[in-house]
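> The structure follows.
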Amino acid sequence: MQQPLSDKPTSADECPDTYPDQPVVAPDSRHVVVRFNGQVVADSHRTLRVLQRGIPPSFYIPPEDVRVEWLVASDLTTWCPYKGDANHYDLVVGEATSANAAWCYPEPLEPYREIQYAIAFYANRVDACTVDGEEVTGDDSGGWITSEIVAGER
């Protein structure tokens, strides 16, 4: 079983089905960029990946590396049994809006305090998300699929 806890994944076959049942937070120093409506919304080398069984990794970006003035609180809140209550945000850049494009945990449960206020984006609700220049895909799980992620048995 692969232990995906490194700062930078080195295997081309990282499978979310091998992640632990309880999510793990892993620092990631790769260059992460989020773009929407022709603007850079986030740009960081200080992200945290949350790895949870069966879901591609979510990248949490420090708020200092995000144009937070473009995030508008939405009415949506969700709950994770591990991390707690998440607030969701619409992304408004110029005349363009993406509903519920991002989320964060203002008061995460232990042991997830390190993701407090870090912002995660749905890759399928913005124009582009890249990791070290590679454009990622994503779905409504919030996970980002890069070339190192492979499908497994569900």
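> Rg to Rh for the stretch 31-88: what is it, with Cα atoms only and Rh by Kirkwood?
So for the stretch 31-88, dividing Rg by the Kirkwood Rh gives 0.99.
> Distance in nm between label sites at Ser147 and Asp85, each 7 Å beyond Cα in the beta-carbon direction?
Roughly 4.3 nm, to one decimal.
> Could I ask something else about it? To check you understand DSSP bridge types, tell me what percent of the beta bridges within the chain (both residues inside) are antiparallel, rounded to 5.
Counting only bridges with both partners in the chain, antiparallel ones make up about 95 percent.
> Now a separate question. So, in nm, how far is label Glu135 from label Glu64 when the simple model puts each one 7 Å beyond its Cα toward the Cβ?
Between Glu135 and Glu64, the label points sit 3.1 nm apart.
> Label the stretch 1-151 by shape, choosing from rounded, prolate and oblate, from the square roots a ≥ b ≥ c of the eigenvalues of the Cα gyration tensor; if a/c is under 1.5 it is rounded, and otherwise prolate applies when a/b is larger than b/c, oblate when it is not.
Note, shape of the stretch 1-151 comes out oblate.
> Applying 1/(1 + (r/R0)^6) with R0 = 22 Å to the Cβ-Cβ distance of Thr77 and Gln22, what FRET efficiency is obtained, to the nearest 0.05?
On the way: r = 22 Å, r/R0 = 0.99.
So the FRET efficiency works out to roughly 0.50.
> What residues have an amide H closer than 5 Å to that of Arg49, excluding those fewer than 5 places away on the same chain, when H is modeled at 1.01 Å from N in the peptide plane?
Placed amide hydrogens put Ala26, Asp28, Tyr60 under 5 Å from Arg49.
> Compute the distance in nm between two label points, each set 7 Å from the Cα along the Cα-to-Cβ direction, one at Asp13 and one at Asp43.
Distance between label points: 3.8 nm.
Any read-out appearing in this document is the output of simple, stated calculations on the displayed coordinates, not a laboratory observation. What you see is a predicted model; the values in this text were computed from it and never measured. When we count neighbours, we look across all protein chains shown, and the Cβ atoms used for this are built from the backbone with ideal geometry, even at glycine.
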